[in-house]
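Inspection log for the structure reproduced underneath, given as structure tokens.
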Amino acid sequence: MKPASAPLPTTFAHPRSMPSRFLPAIHTMSSSYHDRFPYRPFPQSYSLPWMPNTYYKTAAIKPILAPFSKSSQGLPTGEKFPYVCNRTTSFTRYTPEEWYKSNKTNYKESDTSQRNAEHLRLETSRMLDDKYQQTRKTQADTTKTLGVRANDIGFWKSELCRELDEMIGETNALTEVKTRLERALAETEAPLQIAQECLMNREKRLGIDLCHDEVEEQLFTEVDLIRSCQEKMQQFLDKAKAQLTSNWGAQHEMEKDLADKQVAHRIDDRCHHLTNTSQGISYYRGVETIDATISVPESWTKFTTNNILHSQSQRAASAKLRDDIESLLAATANEMWRQFNTVNVAFTNRIAETDDAKRKIQSHLAKTLREIFQIERNIEAIQKAIRDHGPPLKVAQTRLDDRTRRPNMELCRDPAQICLVNEVHDIDETVQALEQQLRDSEDTLQKLVRIKTALQHDLAIKTNSLFIDQDKCMGMRQTFPSTARLLSPI
């Protein structure tokens, strides 16, 4: 016998010929509608053992297209079974004993569930009262602890604010002194740049003017002097920058600590005033398992104390450095000013010498330009004469070319032929003589042009030297800073 949960054998289904309507109407079908092929047992199935569970579970299976049973294949068409809806015999699924047994089981399970539910309700009521009292006490203790913590944060906030104000005042004072030192150093940078640029500009002198004169010597002396003064200023400026960096570092640590405490105080104060009816409370599942703390009360207090002590030590060092910088600012102005005047005197003498040489060159250049103008007019006349001989030469050569096309015996060396040949030779000789004269004139013109170029080059050298010394160098040196500007506190 097959188990109660096993489906019916496939031998209960048989192939059949397709009717005109494959399925009957839905409202006329029994539960066997869920099977692909209607249930039709063999005649010998009347003697099978009672299997109600088998048929019930088989009828509940979702229909699928199963293959035909091998035992149903090959039967004659007349022996195939009719549809379930056409059966005249019913097959029951359960026995009456099973029906009564099922009812008693349900009653027993219902009574047991009711007793268990009543016991659970009583236990739940007691647990709710206990947990409510415990939760309220825990919440009150936590609120009190948060209030104490907020007061501690407020105390250290006030200490940080006081020290931060003093550090900001000292930093501002040192920044002001540093600014004055930077301004003085910047004022020395301008004459240094001017002296260096004067040297660079004088390197652009041309030809013979590119000489190592007194102006250049005094400029080198000025550059060395300014650099020596700048080195002294730069040393104290570096110290001031380093001290400011230390001040800012201490200030930053206190500001960061203060900002963190302000945020923490705001958060803890808000948490301290939160109640069960406050707005914005919500569930955050698993937040109690996250431990993001990085300090304990002892390390938290020590951290702020160290920040305050560090700030105090940096303030003392900053005050001493300010006194040293005040003593430095009046050290270099007079020396720079004396050297500046010495360089200007050297420039004035050199400019006068260059200007005198320039006037003499201009006189010679004017005479050369007049002679070049006359030679150029002569060359133009020769070129015009050469061009004027072009058409007669073309005519004579064209006549000779046309006469070469005379037929047979007409190609005669007659007087006309001889005259044409002589005419071509004469014009060629004339053009050659003119071209020779043109070349001589052009050679002479080239010599004059070279002389003019040399004079112009020398004049350009002097003009360039005057422009560099008088316009560029002396023009820039009008902006040299005064002693008052070097030492000005504003």
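The values are calculated or read from the model by the stated rules, or taken from the named source; none is laboratory data. These figures come from a predicted structure and were not determined experimentally. Ideal geometry is used to build each Cβ from the backbone, glycine not excepted, and the neighbour counts take in all protein chains shown. The protein model used for the area step is the full one, side chains on, heavy atoms only, and it has no ligands, DNA or RNA in it. Shrake-Rupley method; radii C 1.70, N 1.55, O 1.52, S 1.80 Å.
What spacing in nm lies between the two simple spin-label points modelled at Leu309 and Asp260, each 7 Å away from Cα in the Cβ direction?
Distance between label points: 1.8 nm.
Distance check, please: which entries in Lys157/Lys241; Lys384/Lys447; Lys131/Lys157; Lys384/Lys462 exceed 32 angstrom between their Cα atoms?
Lys131/Lys157; Lys384/Lys462
What FRET efficiency would be calculated for the residue pair Leu393, Glu353, taking the C-beta separation as r and a Förster radius of 45 Å, to the nearest 0.05?
0.15
Tell me which trypsin sites (Lys or Arg not before Pro) from region 349-405 have a DSSP coil assignment and no more than 16 other beta carbons within 10 Å of their own.
Arg405
Could you calculate the FRET efficiency of Leu210 with Val431 from 1/(1 + (r/R0)^6), where r is the beta carbon distance between them and R0 is 51 Å, rounded to 0.05?
0.55
Once fully extended, how much extra length lies between Arg162 and Glu288, figured as 0.36 nm per residue of separation less the alpha-carbon to alpha-carbon distance?
41.7 nm
Show me, for region 288-301, the HN-Hα J-couplings you get by feeding each phi into the Karplus relation (A = 6.51, B = -1.76, C = 1.60, θ = phi - 60°), rounded to Hz, glycine and proline as x.
In residue order, the calculated couplings are 6, 8, 9, 10, 9, 6, 10, 8, 10, x, 5, 5, 5, 5 Hz.
Carbon and sulfur together cover what percent of the accessible area of region 354-487 at a 1.4 Å probe radius?
54 percent
Starting from region 202-242, pick out the GluC sites (Glu not before Pro) whose DSSP state is loop and whose Cβ has at most 11 other Cβ atoms within 10 Å.
Taking region 202-242 and a limit of 11 other Cβ atoms within 10 Å, the loop GluC sites (Glu not before Pro) found are Glu203.
How high is the FRET efficiency between Glu197 and Asn172 when r is their beta carbon distance and R₀ equals 25 Å, given to the nearest 0.05?
After rounding to 0.05, the efficiency reads 0.10.
What size of dipole, in debye to the nearest 20, comes out for region 354-487 about its Cα centre when the only charges are +1 on Lys and Arg C-beta atoms and -1 on Asp and Glu C-beta atoms?
880 debye
Got a sec? What order do Ile226, Ile351, Ile418 fall in by accessible area at 1.4 Å, biggest, i.e. largest, first?
Ile418, Ile351, Ile226
Can you give the extra length, in nm with one decimal, that the chain gains between Ala330 and Met474 once fully stretched, where that is 0.36 nm per residue apart less the Cα-Cα distance?
Additional length available on full extension: 49.2 nm.
Send over a whole-number figure in Å² for the accessible area per residue of region 354-487, probe 1.4 Å.
66 Å²
For every other residue with a beta carbon closer than 14 angstrom to the beta carbon of Asn247, add +1 if it is Lys or Arg and -1 if Asp or Glu, then tell me the sum.
-1
Relative to 2.2 N^0.38 Å, what does the C-alpha radius of gyration of region 354-487 come to as a ratio? Two decimals please.
The reported ratio for this selection is 2.18.
In nm, what is the difference between 0.36 nm times the number of residues separating Asp440 and Ala117 and their Cα-Cα distance?
102.5 nm
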